[in-house]
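Novice: My questions will all concern the structure given below.
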Amino acid sequence: MLDHYLIEHCSPTLACLKTANLFSFACSSRDELRHHIRDCNQCLFGTGVSLTVLAERERSALVYVFRRDKLVEDLKKPGVKELLARYGYERFSPGAALSMLRQRFRNCREFPHEIGLFLGYPLGDVRGFIENGGKNCKCSGCWKVYGNEQEVLRLFEKYRKCREAYRKSFRLGKNIRQLTVSA
């Protein structure tokens, strides 16, 4: 059941082009949600891709699909720890950082915009979004761009082409496991 969501929202992550993607998943119960997440993680075991829930509401959940190895790299990039520390992050392993991000979802009134760092967005764009309150960007696509516009526009196009290719392959009968590039 999650297959369609993965194709539509997570193709760049499945293709190993991006650290992570995020989507909202409607479900009738927590048990149903856990069942779908467990089944999908079993299907993707050994590929380097994992699913986890960042936030739950009564009938929906925010599902984070990520490549742990890429997240490790992203969390080590210059300036990332300093920005995350401003929001209370103290440990920067993927498990500890994701645990803190979940806590931020539970405890903050605002959406925790540092999530862009967990999605592989450039630090300058995440910082720019936070400092400008989401305004004054150079352009927007998968995210709002405050830094290198031309480079990011090429990346957006790469992601769009990936999603189209994955949609086509999925329609032609390939399953999620077959479409996921193993790390």
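Novice: Mind giving me the FRET efficiency for Gln178 and Ala85? R0 is 25 Å, r the Cβ-Cβ distance, nearest 0.05 is fine.
Specialist: Working from the Cβ atoms, E equals 0.05.
Novice: Counting other Cβ atoms within 10 Å, which trypsin sites (Lys or Arg not before Pro) in the range 75-174 have at most 15 and lie in a DSSP loop?
Specialist: When the trypsin sites (Lys or Arg not before Pro) of the range 75-174 are filtered for loop state and at most 15 Cβ neighbours within 10 Å, Lys76, Arg86, Arg91, Arg109, Lys135, Lys138, Lys174 remain.
Novice: Compare Asp125, Asp74, Asp31 in a GNM of the chain, Cα atoms joined below 10 Å, and give the one with the largest fluctuation.
Specialist: Per the Cα network of the chain with a 10 Å cutoff, Asp31 tops the list.
Novice: Next up: With springs connecting C-alpha atoms under 10 Å apart, model the chain as a Gaussian network and identify which of Gly147, Gly120, Gly79 has the largest mean-square fluctuation.
Specialist: Residue with maximal mean-square fluctuation among Gly147, Gly120, Gly79: Gly79.
Novice: Near Cys137, within a Cβ-to-Cβ distance under 10 Å, what is the net charge of the other residues, with Lys and Arg +1 and Asp and Glu -1?
Specialist: Local charge sum for Cys137: +1.
Novice: Related question: Taking only Cα atoms and a 10 Å spring cutoff, compute GNM fluctuations for the chain and point out the largest among Ala26, Ala97, Ala15.
Specialist: Ala26
Novice: Here's another thing I want to ask about it. Between the DSSP loop rule and a limit of at most 11 other Cβ atoms within 10 Å, which GluC sites (Glu not before Pro) in the range 57-124 are left?
Specialist: Here the GluC sites (Glu not before Pro) that fit, given the DSSP loop and packing criteria, are Glu58, Glu90, Glu110.
Novice: Based on alpha-carbon centroids, what's the gap between the range 8-84 and the range 134-158 in Å, whole number please?
Specialist: Centre-to-centre distance over Cα atoms comes out at 22 Å.
Every number in this text was worked out from the coordinates using simple rules, so none of it is lab data. Nothing here was measured: the structure is a model prediction, and the numbers come from that model. Virtual Cβ from ideal backbone geometry, glycine too; neighbours counted across all protein chains shown.
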